[in-house]
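Scroll down for the structure; my scribbles are underneath it.
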Amino acid sequence: MSMTRHSLKRSLLAVGAATTLVILTACSSSDGTGEASTSAEPSATEPAAMESEAPASDLPKTLVFAPLALSIPAMQGLSDGVSGYGGSQGWEVIVQDPKLDPATQVQQVTEVLESGRAGALWIIAIAPASMTDVLHAAQEKGVPVLINGVPADYGFDGPQAGITFDTIDYEAGGAALGEQTGMCINEKLGGEATIIYGASPAGTAGKEESDAAFLEALEATAPGVEVVQTWDITDRAASQTDVGSILQAHPEVDVVAAANDEGALGAIGAFKAAGKDLPCVTDFGGNDEVLGLVEAGTMYATVALQFEEDMIQSFDTLAEMQMDPTAVGPELTVPLKVTNAAS
Amino acid sequence: MRGLIFLRDRGIFVLWILIIAVFAVWANPYFATLNNAILVANAAAISAIFAAGVAVGIICGALDLSIPGVAALSSCIAGWMITTGLPVWLALVVGIVTGALVGFVNGVISLRGFNPIIVTIAMLSITSAAASIIAGGYTFPGLTQLDFMGTQRYLGIPAPVWITAGVFLVGTVFLTKTRDGIRLMAVGGSAEAVRRSGIHSDRYKVLAFVISSTCAALGGLVTTATVTEANPSASPALIFTALTAVALAGVSLVGGRGSLPRVLVGALVLATIANGLTIKGVQPYWATGVTGVLLIGSLALERWVTASVSRRLMATAQASVHTGTR
């Protein structure tokens, strides 16, 4: 009797498991509308066939937004902006949080892509190389993608069908920072100054281009001035400590330029703690706190990436691409804006 | 023999003095100044507060990994309260009490037989999430009301240094001069032996978690005061820096042995290296690497000195038995 009961249980488990497997298989191979595919349909490795299988009109008005991590205030702000703007355009926005882990980001995006839930993807890739397969899969499924960087970052040799590349012009940002720093030196210090520069940590996107462009533009605007020391910005507290130490060796420093807000704000804190004047502070960031300091005259200028404008242009581009996911996507650049005392 | 015992108990002080001497020559004339000494003390202050919490936990056999989350949560609660116009003193009290409560919960759950490391990792996630929820994913900037415990100086010394001095003074007196403190250390050495002596070892384990989290909350509030911003991101670097200072100080990672003054010097060693290298304009990666080398070196030295002292003590004891002398 006991044996029979066990056998019955096993049979029921086996039937249940087999049914679940069949349903899952059917769902995973269905298109965005939830219809199960048949064996006569082409495989997912045939791009042309898949494009016709998932026409633009069938794609849901659901945008999947995959930022770096929601713990970064700028990313949280962007996700709020995307959700708000997308909602106003009649879209549902799904926000993911890969917590700066490339593997998690790939897994989360793949899951939502394979489920047919995604009508469009907006990815800020943590490790661009890891996203190459995801981009190919999205092309095969006819789901438009907007992703940061340039085609070469993802192994492409040029613009791609169904993919828009959105890039930050770090060179232009660094050049604007150098120019504003030079202008401050000329206006407030008669063209002579002792400068320290807060750089982004090694490995940060665009560091090399931005740092080089900063130094070049600084030399062009205020010839002869010298950057006496550079520190790596990790966070505000560490910058405050580092700049405090630098002031021991270089008490004559009167200009600070920083590659982000935390560096500039930390430096201001260090000068305040040391009871020293800081006539020129510039940075490449532009958060609300920094904008307030520019308005108050504490900082000379801030160079800011206009993520809100970029968000709108990116969203509108994605919505347009959904109408024809086979069309080659445009290459966008995040707008830059310089805010200084004169503006 | 005396030299070895001195090196075992005071080795970290010797190391610190050596580092100061090296930088005083190498970074002359900028390093060996009173103003720079104050800067080093200020830079070490915040890590030292976190290290004190980690040390008390480890001494009692309870490693608390939720410290970064508790710091972020306390900061954000205080930041939110100040931003909404509530009194600063109330915000600080609520921030500290929140830390103590988290520690109490950590302790109580751990006593139910759960692994304290897993419990505190879970609590790290919970407190980090709570901080982000309170801050809505953003920060609370412009908290200049906390300047009095951040950038303000008293008798020429920054507020965080005074706070740290207070924490270490109270902590040292508690651990070495009070019955509860001595019992807390004993629990870390052998909870079973303490239990057999009729002492409630569980109570002291919970107390260690409460002290650890309270220090974390205080560290978070001092950080907020220094940068005038409450940030919900729980930096894992906090726990690593604190653990490094604790390990440099020779606190036994299996519990029962350790000294808070040495932990303070451990934090000062790290701050001195970073300060000296920054003054010399050496890239910061070197400071990280040098710290790692120092850590392994100090562990090796401690092991060698401890083994040498034990060997010599055994030899002396055996000689006494054979000769009948004592």
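Results, tabulated for the structure shown:
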item	result
Checklist (1) at pLDDT 90 or above; (2) away from chain A (no Cβ under 11 Å); (3) more than 20 Å from the chain's Cα centre (by Cα) applied to B:M1, failing item	(1)
Answer residue from region A:62-102, given it is assigned to a strand (DSSP E or B) and out of contact with any Gly (no Cβ under 7 Å at 6 or more places or on another chain) and is farthest from the other protein chains (Cβ to nearest Cβ) among those	A:E92
A:L121, sole failed condition from (1) crowded, with 17+ Cβ neighbours inside 10 Å; (2) outside the structural domain of A:G203 (by TED's automatic domain parsing); (3) more than 18 Å from A:Q313 (Cα to Cα)	(3)
Residues (of a type outside the set (A, V, I, L, M, F, W, C) and over 23 Å from A:V328 (Cα atoms)) located in region A:96-145	A:Q96, A:D97, A:P98, A:K99, A:D101, A:P102, A:T104, A:Q105, A:Q107, A:Q108, A:E111, A:S115
Considering residues of region B:118-133 that are surrounded by fewer than 18 Cβ atoms within 10 Å (Cβ to Cβ) and within 13 Å of chain A (Cβ to nearest Cβ) only, the residue nearest to B:V88 (Cα to Cα)	B:I133
Within region A:103-201, strands (runs of 3 or more DSSP E) holding 2 or more residues that are closer than 28 Å to A:Q306 by Cβ and over 20 Å from the mean Cα position of the chain (by Cα)	A:194-199
Candidates A:G190, A:G182 - the one that is surrounded by fewer than 17 Cβ atoms within 10 Å (Cβ to Cβ), more than 30 Å from B:G276 (Cβ to Cβ) and away from chain B (no Cβ under 14 Å)	A:G190
Any hit, region B:155-175, residues being within 14 Å of chain A (Cβ to nearest Cβ), without any contact (Cβ under 8 Å) to a residue 40 or more places away in the chain and of a type in the set (F, W, Y)	no
Per-region count, region B:220-241, residues more than 14 Å from chain A (Cβ to nearest Cβ) and closer than 24 Å to A:A270 by Cβ	0
Single unsatisfied condition, B:M81 versus (1) crowded, with 24+ Cβ neighbours inside 10 Å; (2) away from chain A (no Cβ under 14 Å); (3) not β-branched (V, I, T)	(1)
Qualifying residue in region A:317-328 (condition: within 30 Å of B:N275 (Cβ to Cβ) and of a type outside the set (D, E))	no
Whichever residue in region B:135-154 is outside any loop (DSSP other than H, G, I, E, B) and hydroxyl-bearing (S, T, Y) and, among such residues, is nearest to the other protein chains (Cβ to nearest Cβ)	B:T144
Of all residues in region B:4-50 being free of Cβ contacts under 8 Å to residues at least 12 places away in the same chain and within 14 Å of chain A (Cβ to nearest Cβ), the one that is nearest to the chain's Cα centre (by Cα)	B:A37
Tally of residues being surrounded by fewer than 20 Cβ atoms within 10 Å (Cβ to Cβ) and not polar (S, T, N, Q) across region A:78-96	9
Top-ranked residue in region B:186-219 [being more than 19 Å from B:A122 (Cβ to Cβ), part of a helix (DSSP H, G or I) and small (G, A, S); ranked as nearest to the other protein chains (Cβ to nearest Cβ)]	B:G219
Any hit, region A:246-256, residues being within 10 Å of chain B (Cβ to nearest Cβ), under 24 Å from B:F140 (Cβ atoms) and out of contact with any Cys (no Cβ under 7 Å at 6 or more places or on another chain)	no
Criterion (in contact with a helix residue (DSSP H, G or I) (Cβ under 9 Å, 6 or more places away or on another chain), in contact (Cβ under 8 Å) with a residue 24 or more places away in the chain, within 11 Å of chain A (Cβ to nearest Cβ) and in a helix (DSSP H, G or I)) met by exactly one of B:T278, B:T272, B:T244	B:T272
Scan of region A:138-161 for residues that are over 13 Å from A:P325 (Cα atoms) and surrounded by fewer than 19 Cβ atoms within 10 Å (Cβ to Cβ), ordered by number	A:G149, A:V150, A:P151, A:A152, A:D153, A:G155, A:F156, A:D157, A:G158, A:P159
Filter result for A:T333 (of a type in the set (S, T, Y), on the phi < 0 side of the Ramachandran plot and over 18 Å from the mean Cα position of the chain (by Cα))	no
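Listed here are the residues, each with its yes/no results for (1) modelled with pLDDT of 95 or more; (2) touching a Cys at 6+ places or on another chain (Cβ under 9 Å); (3) outside the structural domain of A:I94 (by TED's automatic domain parsing); (4) polar (S, T, N, Q).
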position	(1), (2), (3), (4)
A:A264	yes, no, yes, no
A:A273	no, no, yes, no
A:V281	yes, yes, yes, no
A:G285	no, no, yes, no
A:Y300	yes, yes, yes, no
A:D316	no, no, no, no
A:P325	no, no, no, no
A:V328	no, no, no, no
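Table: residues versus (1) over 13 Å from A:V256 (Cα atoms); (2) surrounded by 20 or more Cβ atoms within 10 Å (Cβ to Cβ); (3) touching a Pro at 6+ places or on another chain (Cβ under 9 Å).
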site: A:I195; (1), (2), (3): no, yes, no
site: A:A202; (1), (2), (3): yes, no, no
site: A:G206; (1), (2), (3): yes, no, no
site: A:S210; (1), (2), (3): yes, yes, no
site: A:V225; (1), (2), (3): no, yes, no
site: A:T230; (1), (2), (3): no, no, no
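Okay, residues lined up against (1) more than 14 Å from every other protein chain (Cβ to nearest Cβ); (2) among the small types (G, A, S); (3) surrounded by fewer than 24 Cβ atoms within 10 Å (Cβ to Cβ); (4) farther than 24 Å from B:L39 by Cα:
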| site | (1), (2), (3), (4) |
| --- | --- |
| A:A273 | no, yes, yes, no |
| A:V281 | yes, no, no, no |
| A:V290 | no, no, no, yes |
| A:L293 | no, no, yes, yes |
| A:A304 | yes, yes, yes, yes |
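The values are calculated or read from the model by the stated rules, or taken from the named source; none is laboratory data. Everything quoted here is computed from the prediction, not taken from an experiment. When we count neighbours, we look across all protein chains shown, and the Cβ atoms used for this are built from the backbone with ideal geometry, even at glycine.
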